[in-house]
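J.: My structure is below; once you've seen it, I'll send some questions.
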Amino acid sequence: MTYRSMIAEEVYYRGHNGDEVQAYIARPLGDEPRGSVVVIHHMPGWDPGIMEITRKIAHQGYIAISPNLYTRFGTGDPDEVAAVARSAGGTPDATFVGDTAGAVDYLRLMPTSNGKVGIIGFCSGGRHVVLAASSLDNLDAAVDCWGGRVIASEEQLDENHPVAPFDMTANLAAPLLGIFGNDDRSPTTEQVDQHEAELKKHGKTYEFHRYDGAGHGFFSVNRPGYRPEQATAAWVEIFTWYEKYLSA
C-alpha cells in the first residue's frame, strides 16, 4: 500500500557518545502502526538523492530516517562536507554504529512505530549496513545495496575501520538482502560469491539478487549508470523483504 500524504522534515537525535546528529525523516500521515527504516547514505554524502530515497520508502508506508553521518564534519554543501569527511578518513565505524543505534531508538519511540526497524544503505552505506547488522542485535531486516569493502584486505583497514564486516558474519543478527550489479567492480562478482558462501557457512538468513547489465550505483537516476529496468526489479525485492520482516 502506498501513501500519497506524508510529512518530511529535518530532525536531530542523540547518537554516538550522546552527540547531536542531524537527520532527515519522512513518514506517512495517519496513526496506524508501521515499520521503520534507517537509510544510510553513500560516500558522496547526505545529498538530495538520499532524501528522495527516504521519501520513496515513506511512500511505501514506512517511517524512514536518514542520519547525516558527516554531521561532525559540518552541515553545509554536501559535496564540501563529504570532501572534509574523506580527508579525515571517513566516519569511524564505532561512531557509525553509535549513530545508527541512536536512530533505531529514535524510530522505536515514534508514536506510530510498530517496534520493527530495518536498515538500507548504498555503496559505502551498504558496507555500513552489514557492519550495523553484525554489531547491533535489534535490527529486524537489512538491505545491502552494492556495498564496497564488505570484504577488505589488510591494507584497506585502518584505525577508523579496523575490521571488515565480512569477518563479522558469525555475528550477523538480521536477515540480509543483497542487491548487486554484475558489472560492478566494488564489490566484484567474486567478492559477492565469497560473501554468500560465508553467509551459508554460518547458516544466516539472506537473499542475494544480481542484475546483468548493471554496474555500481544503478539506482542513481541522475547518473549515466542508471538502469531503470534493473532498478525497478530490485526495488520490488527490497519492499517484498521489508513487507516480510517489518510488517506488524
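The values are calculated or read from the model by the stated rules, or taken from the named source; none is laboratory data. Given the structure is predicted, the values throughout are model-derived calculations rather than measurements. With ideal geometry, Cβ positions are generated from the backbone for all residues, glycine too; neighbour counts draw on all protein chains shown. To get the accessible areas, we keep the full protein, side chains included, count just its heavy atoms, and leave off ligands, DNA and RNA. Shrake-Rupley method; radii C 1.70, N 1.55, O 1.52, S 1.80 Å.
J.: Among 12, 24, which is open to solvent by 60 Å² or more (accessible area, probe 1.4 Å), in contact with an Asp or Glu (Cβ under 7 Å, 6 or more places away or on another chain) and either assigned to a helix (DSSP H, G or I) or of a type in the set (Phe, Trp, Tyr) (or both)?
T.: Only one candidate qualifies: 12.
J.: Residues in the stretch 162-175: is at least one within 22 Å of residue 226 (Cα to Cα) and either touching a residue at least 60 places away in the same chain (Cβ under 8 Å) or not charged (D, E, K, R) (or both)?
T.: At the first step, the residues of the stretch 162-175 found to be within 22 Å of residue 226 (Cα to Cα) are none.
No, the stretch 162-175 contains no residue that is within 22 Å of residue 226 (Cα to Cα) and either touching a residue at least 60 places away in the same chain (Cβ under 8 Å) or not charged (D, E, K, R) (or both).
J.: Can you work out which of the residues in the stretch 165-188 that are touching a Leu at 6+ places or on another chain (Cβ under 8 Å) and part of a helix (DSSP H, G or I) is most open to solvent (accessible area, probe 1.4 Å)?
T.: Going residue by residue through the stretch 165-188, those that are touching a Leu at 6+ places or on another chain (Cβ under 8 Å) are 165, 168-169, 172-174, 176.
From what's left, part of a helix (DSSP H, G or I): 165, 168-169.
Details: 165: 0, 168: 33, 169: 6 Å².
Checked the stretch 165-188; the qualifying residue most open to solvent (accessible area, probe 1.4 Å) is 168.
J.: So which of 121, 147, 126, 98 is more than 30 Å from residue 226 (Cβ to Cβ) and surrounded by 17 or more Cβ atoms within 10 Å (Cβ to Cβ)?
T.: On the way: 121 fails: more than 30 Å from residue 226 (Cβ to Cβ); 147 fails: more than 30 Å from residue 226 (Cβ to Cβ); 126 fails: more than 30 Å from residue 226 (Cβ to Cβ).
It is 98.
J.: Residues being part of a loop (DSSP other than H, G, I, E, B) and either touching a residue at least 60 places away in the same chain (Cβ under 8 Å) or among the polar types (S, T, N, Q) (or both): count how many of those fall in the stretch 149-158. Steps first, answer last, please.
T.: Initially, the stretch 149-158 is screened for residues part of a loop (DSSP other than H, G, I, E, B), giving 149-153, 157-158.
Subsequent filtering for residues that are either touching a residue at least 60 places away in the same chain (Cβ under 8 Å) or among the polar types (S, T, N, Q) (or both) retains 153, 158.
Number of matching residues: 2.
J.: Another one. Inside the stretch 27-52, can you point out the residues that are part of a strand (DSSP E or B), over 20 Å from residue 133 (Cα atoms) and in contact with a Leu (Cβ under 9 Å, 6 or more places away or on another chain)? Quick ask: steps written out before the conclusion?
T.: Here is the first cut: in the stretch 27-52, the ones part of a strand (DSSP E or B) are 27-28, 34-40.
Cutting the leftovers down to over 20 Å from residue 133 (Cα atoms) gives us 27-28, 34.
34 - this is the single residue of the stretch 27-52 that is part of a strand (DSSP E or B), over 20 Å from residue 133 (Cα atoms) and in contact with a Leu (Cβ under 9 Å, 6 or more places away or on another chain).
J.: Given (1) buried (at least 22 other Cβ atoms within 10 Å of the Cβ); (2) touching a helix residue (DSSP H, G or I) at 6+ places or on another chain (Cβ under 8 Å), where does residue 58 come up short, assuming only one miss?
T.: The single condition residue 58 does not satisfy is (2).
J.: Related question: Within the stretch 189-213, work out how many residues are open to solvent by 60 Å² or more (accessible area, probe 1.4 Å), assigned to a strand (DSSP E or B) and touching an Asp or Glu at 6+ places or on another chain (Cβ under 9 Å).
T.: 1
J.: Hey, among 138, 222, 171, 160, which residue is farther than 26 Å from residue 92 by Cα and either at pLDDT 95 or above or out of contact with any strand residue (DSSP E or B) (no Cβ under 7 Å at 6 or more places or on another chain) (or both)? Explain how you work it out, then say what you get.
T.: On the way: 138 fails: farther than 26 Å from residue 92 by Cα; 171 fails: farther than 26 Å from residue 92 by Cα; 160 fails: farther than 26 Å from residue 92 by Cα.
Only one candidate qualifies: 222.
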